[in-house]
Each structure stands twice: as C-alpha cells, then as structure tokens.
1. Can you tell me which lysines have their Cα less than 18 Å from the Cα of residue 45? Leave out same-chain residues fewer than eight positions away.
2. Sorted by packing (mean other beta-carbon atoms within 10 Å per residue), highest first, where do 54-60, 39-45 land?
3. Report, to the nearest whole %, how much of the accessible area of the range 57-130 belongs to carbon and sulfur atoms, 1.4 Å probe, protein only.
4. Taking the Kirkwood radius as the inverse of the mean 1/r across Cα pairs, report the Rg/Rh of the range 44-130.
5. Under a plain spin-label model, where a point goes 7 Å from the Cα along Cα-to-Cβ, how far apart in nm are residue 118 and residue 130?
6. For residue 97 paired with residue 39, estimate the spin-label separation in nm (one decimal), with each label point 7 Å from Cα along the Cα-to-Cβ line.
7. Give me the accessible area of residue 30, 1.4 Å probe, in Å² rounded to the nearest 10.
8. Accessible area per residue for the range 33-127 in Å², computed with a 1.4 Å probe and the full protein assembly in place, what is it?
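The values are calculated or read from the model by the stated rules, or taken from the named source; none is laboratory data. As the structure is a computational prediction, the values presented were derived from the model and not from experiment. We place every Cβ from the backbone using ideal geometry, glycine too, and count neighbours over all the protein chains shown. For the accessible areas, the whole protein counts, side chains as well, though only heavy atoms, and no ligand, DNA or RNA atoms are used. Shrake-Rupley method; radii C 1.70, N 1.55, O 1.52, S 1.80 Å.
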Amino acid sequence: MKKLIFTLIIVTVSFVTTLHAQSNTLTKTTWQVEKINDDGSAVFKKAKSIKFPSEQPKINFLQFEEDRNYRTGNTCFHMMGKYSEYNNNQVEISEGVADMAENCKEPKTLKGLYNFKITKDRLELIPVKE
C-alpha cells in the first residue's frame, strides 16, 4: 500500500511538472523588436540570447528569463521587470525598473496583459482589451 501511494505521488508530481514546463513557451527566449504599434501591439523576430551583464545589447530587444524576469531595451536604455505566462497564450508584463544613458530617446515599452502568438521565428503580442 505504501508503494502504491508513493508511486501515485511521484506520478502526480511528474505530471504537474510536465504541464507547468509546457506552458512556459516564452522562457529563455530573446526577441528583436520589429515594430511596436500605437495600439500597443508588437511584432518581434527571434534573436540570439544576450548574456547579461558581460554582453551589451546592440538591438532593441525583449528577453524572457527563466526566473520570471524580463529585460528590454536597446544600446542606451535598459529595463528589467517581471512577467507571468498563462496557459491560454497570454503573458502579463509588469512595469520594471529602468536606466537610461544621457541623450537617449526612451523606446516604447510594454506593460499589461497580452495575447501572444509564435509563428516560426516571429512573436506577436496583442493587448487584451478590458
């Protein structure tokens, strides 16, 4: 009986872990900003991961990290914040802490709940209307 209960616990934990891992499609991905529209939607193309702090970004980027942190910015603007990914292809991006070099124009930033769609090497974020 103890073996059966132990086996059930192990199977349940494995199942839950697998489901959780499958729902984190944005984790450990880096995207180059192609366009952020006035309505808040955005289009990105897949990019090479940026290794912080030793590497400085040369592109306008959005990078989702494993610890639910994200980084965004360009060569003179940098912001870090938190994100949450949900099973229904939605991601919530919180406003983060930013720093900016002198004479730098602040790029458009993302904040709020978005539906996301990944097609090949493209990511599209569409704001969820309340």
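1. 28, 35, 58, 108, 117, 120
2. On the way: 54-60: 13.1, 39-45: 16.0.
Order by mean packing, descending: 39-45, 54-60.
3. Details: 2220 of 4710 Å².
Exposed carbon and sulfur together represent 47 percent of the surface.
4. Details: Rg = 13.2 Å, Rh = 13.8 Å.
With Rg and the Kirkwood Rh in hand, the quotient comes to 0.96.
5. That separation, rounded to one decimal, is 2.9 nm.
6. Output for this residue pair reads 3.6 nm.
7. Here the residue's solvent-accessible area equals roughly 10 Å².
8. Accessible area per residue, the range 33-127: 62 Å².
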